[in-house]
Amino acid sequence: MAKNALVTGWGFYAPSRVMTNAELERIVDTSDEWITSRTGIKERRIASDEETTSFMSVRAGRAALEKAHLRPQDVQLVIVGTCSPDYLFPATACLVQTELGATRAGAFDVEAACTSFITALAIARGMIVSGAVQNALVIGAERLSRLLNWKDRTTCVLFGDGAGAAVLEASNASVGIESTVLHGDGSKGEMLMVQAGGSKRPASAETIERGQHFITMAGGEVFKLAVKSMADAAEEAIAEAGLTLDDIDILIPHQANVRIIDGVAKRLRFPPEKVFINIQRYGNTSAASIPIAICEAEATGRLRRGDKVLLVAFGGGFTWGAAVLEWFGAHDGVRPLSPLERAGRALEDVVERVRPI
Ligand code: ACO
């Protein structure tokens, strides 16, 4: 059985269409000053008709597989974390699995709103460490622009579209994902939800008339809960990893609101310069925000081999969680062998042994 799960590949996809705060000023009664000072967001990406959640997931997933030098046919598990799937079912992960050519992989979606990526990471790590699979492609992807009421200034300015992915592989090294913690509290679920379109309140002329297919949110309440819950989960994950806050080199939080992120750092007494923030360019992309931020932190040299990384998120449900990992980075061709490769090597060994001298 593997000792740990290692991130060996990563990639993201963001739609090219940029919507600035200035553009939003023309759509709803808002201002760049209000959005920037209340959220830190300057612009967000909006998916075209072609850029569905599965489309973006495939692009992010392919980039992550290429980075890991892992062939799609060797992938054993595809998990897509999303609250804006293409359909209620089939799962977006199935669409992604097929489009990527990951023909031997199991596939399912995880829905824990903005905590979906950390949740999917925890599941994949558990399955790898238990020996159930040798690798997994974990994707966080959202197309929240299609769940927004573009007449509601309290929500439409906050969110954006995109996808990020990570390849996890079994490893016998002690580095990798060192802890994951997950929490939930359904008692306050109505504070952040999409009321209609599920089986309890299926789509009807009335639900559409009432705008119940859009995201609604009690922003202030969410804000307070998010700060406390994220800080608590962060401390728990650090302790579970046997570390202290001083050991953490970089905090990559879910990018919901720069004030929430600042609040978490302050509550933890964590140095702000060690916090990675890119919400100004993407808004809140929910499940996609952490994997996109990982990619950008790595690309800009903020995330380096050997760094202890703290991931933390809070989202609808409510759900919240955190993970601590040691960043390994690109394996430069040295990586755990896939079961197929292992079988191939074993066969080569046998052939070698029986070959006449
Ligand atoms: N432009 C201008 N004014 C606005 C806007 C806007 N876009 N939105 C709200 N306002 C107004 C309100 O109507 C209110 O006016 P009023 O006082 O006349 O009633 C005023 O601004 C203040 O509203 P508040 O809601 O008190 O503003 P607040 O400072 O709390 O900021 C915000 C609102 C940004 C939504 C904040 O509460 C927040 O970030 N909450 C957390 C939301 C979040 O991050 N959710 C996602 C986490 S989970 C997930 O990612 C799915």
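The values are calculated or read from the model by the stated rules, or taken from the named source; none is laboratory data. Predicted model only: the values in this text are computed from it and were never measured. Here the Cβ is made from the backbone with ideal geometry for all residues, glycine too, and neighbour counts use every protein chain on show. Side chains included, ligands, DNA and RNA excluded: accessible areas come from the protein's heavy atoms. Shrake-Rupley method; radii C 1.70, N 1.55, O 1.52, S 1.80 Å.
Within the range 170-190, the only residue that satisfies the criterion of being more than 25 Å from residue 7 (Cβ to Cβ) and either touching a Cys at 6+ places or on another chain (Cβ under 7 Å) or open to solvent by less than 40 Å² (accessible area, probe 1.4 Å) (or both) is 189. Sub-7 Å Cβ pairs linking a first residue in the range 201-212 that is at positive phi to a second residue that is modelled with pLDDT of 95 or more and open to solvent by less than 50 Å² (accessible area, probe 1.4 Å), at least 6 apart or interchain, are 211/149, ordered by first then second residue. For the range 130-159, filtering for residues that are of a type in the set (D, E, K, R) and more than 12 Å from the ligand (Cβ to nearest atom) leaves 2. Within the range 163-215, track down each residue that is closer than 19 Å to residue 88 by Cα, part of a loop (DSSP other than H, G, I, E, B) and of a type in the set (S, T, N, Q). Of everything in the range 163-215, those that are closer than 19 Å to residue 88 by Cα, part of a loop (DSSP other than H, G, I, E, B) and of a type in the set (S, T, N, Q) turn out to be 195, 199, 204, 212. A count restricted to the range 19-43 and to residues that are within 13 Å of the ligand (Cβ to nearest atom) and open to solvent by less than 20 Å² (accessible area, probe 1.4 Å) stands at 7.
Do we have residue 6 as of a type in the set (A, V, I, L, M) and within 16 Å of the ligand (Cβ to nearest atom) here? For residue 6, the condition - of a type in the set (A, V, I, L, M) and within 16 Å of the ligand (Cβ to nearest atom) - is not met.
Here residue 16 meets the list (1) within 30 Å of residue 168 (Cα to Cα); (2) of a type in the set (Ser, Thr, Tyr); (3) open to solvent by less than 50 Å² (accessible area, probe 1.4 Å) almost entirely, failing just condition (3). Has the range 234-249 got at least one residue that is within 16 Å of the ligand (Cβ to nearest atom), out of contact with any Leu (no Cβ under 7 Å at 6 or more places or on another chain) and either modelled with pLDDT under 95 or not charged (D, E, K, R) (or both)? No, that holds for no residue. Within the range 80-100, identify whether any single residue is in a strand (DSSP E or B) and touching a helix residue (DSSP H, G or I) at 6+ places or on another chain (Cβ under 9 Å), and answer yes or no. Checked the range 80-100: at least one residue is in a strand (DSSP E or B) and touching a helix residue (DSSP H, G or I) at 6+ places or on another chain (Cβ under 9 Å).
Of all the criteria given as (1) within 16 Å of the ligand (Cβ to nearest atom); (2) closer than 19 Å to residue 159 by Cβ, the one not satisfied by residue 196 is (1). Across the range 212-222, a minimum of one residue is classified as more than 10 Å from the ligand (Cβ to nearest atom), outside the structural domain of residue 126 (by TED's automatic domain parsing) and of a type in the set (Phe, Trp, Tyr). Any residue at all in the range 131-148 that's within 22 Å of residue 215 (Cα to Cα) and either assigned by TED's automatic domain parsing to the domain that holds residue 282 or out of contact with any strand residue (DSSP E or B) (no Cβ under 8 Å at 6 or more places or on another chain) (or both)? Within the range 131-148 (the criterion being within 22 Å of residue 215 (Cα to Cα) and either assigned by TED's automatic domain parsing to the domain that holds residue 282 or out of contact with any strand residue (DSSP E or B) (no Cβ under 8 Å at 6 or more places or on another chain) (or both)), the answer is yes, since at least one residue qualifies.
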